[in-house]
1. Gain in length, residue 120 to residue 179, computed as 0.36 nm per residue apart minus the alpha-carbon separation, to one decimal in nm?
2. What's log10 of I(q)/I(0) for region 290-413 at q = 0.20 Å⁻¹, Debye sum over Cα points only, no solvent?
3. Regarding region 320-359, what is the average projected area of its C-alpha convex hull, in nm²?
4. Mean separation of Cα pairs under 8 Å and 6+ residues apart, divided by the residue count of region 204-316: what relative contact order is that in percent?
5. Please report, to two decimal places, log10 I(q)/I(0) for the chain at q = 0.08, 0.10 Å⁻¹ as given by the Debye formula with identical point scatterers on the Cα atoms and no solvent.
6. Per residue of the chain, what 222 nm ellipticity follows from adding -39500 (n - 2.57) for every DSSP H run with n ≥ 4, rounded to the nearest 500?
7. Run the quick spin-label model on residue 55 and residue 408: label points 7 Å from Cα toward the beta carbon, then report their separation in nm to one decimal.
8. Which value does Rg/Rh take for region 244-356 over its C-alpha atoms, Rh per Kirkwood?
Ligand code: EPZ
């Protein structure tokens with residue numbers, strides 16, 4: 001298993017190209033199963049999760065061809081069962097269920113287990129499928145959904161933590177081929193859901209209200225092939241923005257969309273970082289001492305849970321007390337004990353972490369536990385004195401394209417240690 005060796009203390013400078021969004025890529029690739037015609041998806045990030053989704057599509061019977069950052073998919077004939085061994089490896093693959101149910105009126109996929117950040121049930125996905133008239137059965141680790149016909153209906157998809165991103169995506173995809181009108185209340189408003197709906201409409205779907213908590217889908221008989229270019233990855237952009245602030249650097253996020261990052265940029269401004277909108281993207285600069293800010297994670301357009309860990313690393317470096325509250329996932333503080341190994345002073349009180357920031361961090365070997373926690377450890381390592389070794393970086397390769405290469409281009413002293 002590879003690890004990253006980081007010599008800290010170098011301010012980052014320059015431009016970094018933001019890749020296509022992982023969390024738009026997964027449901028959009030799944031949506032290609034809705035039509036027997038060819039689809040072309042551009043600006044795909046070179047990530048293990050994306051390659052994995054391509055494997056799942058192939059397993060289901062689709063022809064998949066990769067040309068650089070473009071995937072050509074044609075799902076002429078497909079099977080309705082998602083293999084346990086494949087699906088269990090990536091939770092995001094649950095979003096093949098909606099397209100399979102929509103097109104074949106039947107779908108069986110292995111029930112995704114929990115993960116380190118939370119239990120992550122799929123009850124809302126299944127509630128939505130049942131509301132469309134599907135019979136849903138969980139048996140021997142698989143969830144089966146089937147229906148003679150899918151009929152549009154009104155449903156409320158809000159849960160313990162508010163809306164569900166992949167739940168909204170899954171039900172929206174199934175509803176595109178249902179009879180009649182479906183109205184999803186408490187729908188997720190994330191830009192990735194909007195990007196998915198844009199692709200579905202390019203395939204001939206009838207969807208309105210996306211980006212708001214009420215989405216209306218008027219079912220059609222069939223969908224056709226289409227081409228789509230993914231939106232930039234706002235979480236990757238936020239991670240590099242925080243890296244610039246953490247290292248007292250100046251970085252331009254080339255191709256990033258500021259309209260997807262309001263909550264993050266607002267908090268960075270509050271902390272004292274300088275944000276400028278340039279022709280090529282967003283410039284983030286830090287000179288001088290930052291101020292502590294409090295963060296509460298919320299569904300979009302609130303502060304994203306996928307940036308909580310990275311912001312905590314920044315607050316650990318910032319003199320003063322900041323309170324970081326995680327409202328989306330019940331156990332998303334795995335990075336706290338690893339940041340403490342670098343010298344951070346953080347206490348967990350229920351859903352909040354109290355960060356007593358400002359103590360200089362010093363390099364140490366640390367262990368990545370999940371995708372965003374590992375990004376936080378890399379950021380802390382870039383700002384720490386001495387050398388930090390981040391182990392198990394396969395977590396980070398799931399969601400960050402060529403992170404060590406991009407950071408080196410910004411002047412970071414980072415290298416990847418490949419285990420044989
Ligand atoms: C998506 O996961 C993202 N993943 C996650 O990013 C992200 O953290 C999350 O949305 C929230 O923004 C992808 O898009 C592939 P949810 P998703 O359903 O859709 C509860 C990353 O780092 N819930 O919006 O699985 C759930 O337990 C990943 O890139 C139910 O209770 O998240 C959670 O507490 C990590 N029942 C909350 O809702 C359900 O049926 C939000 O989860 C579904 C969800």
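1. Difference between extended and current length: 18.2 nm.
2. -1.14
3. Numbers: hull surface 10.5 nm².
For region 320-359, averaging the hull's shadow over all directions gives 2.6 nm².
4. Working: 149 pairs, mean separation 24.1, N = 113.
Over region 204-316, the number comes to 21 percent.
5. The calculated log intensity ratios at q = 0.08, 0.10 Å⁻¹ are -0.43, -0.67.
6. -9000 deg cm²/dmol
7. Going by the 7 Å Cα→Cβ label model, 2.6 nm.
8. 0.97
The numbers here are math on the coordinates, done by the rules we state, and not lab data. Every value quoted in this text rests on a predicted model; they were computed, and no experiment measured them. Cβ sites come from the backbone with ideal geometry, for glycine too, and all protein chains shown count toward neighbours.
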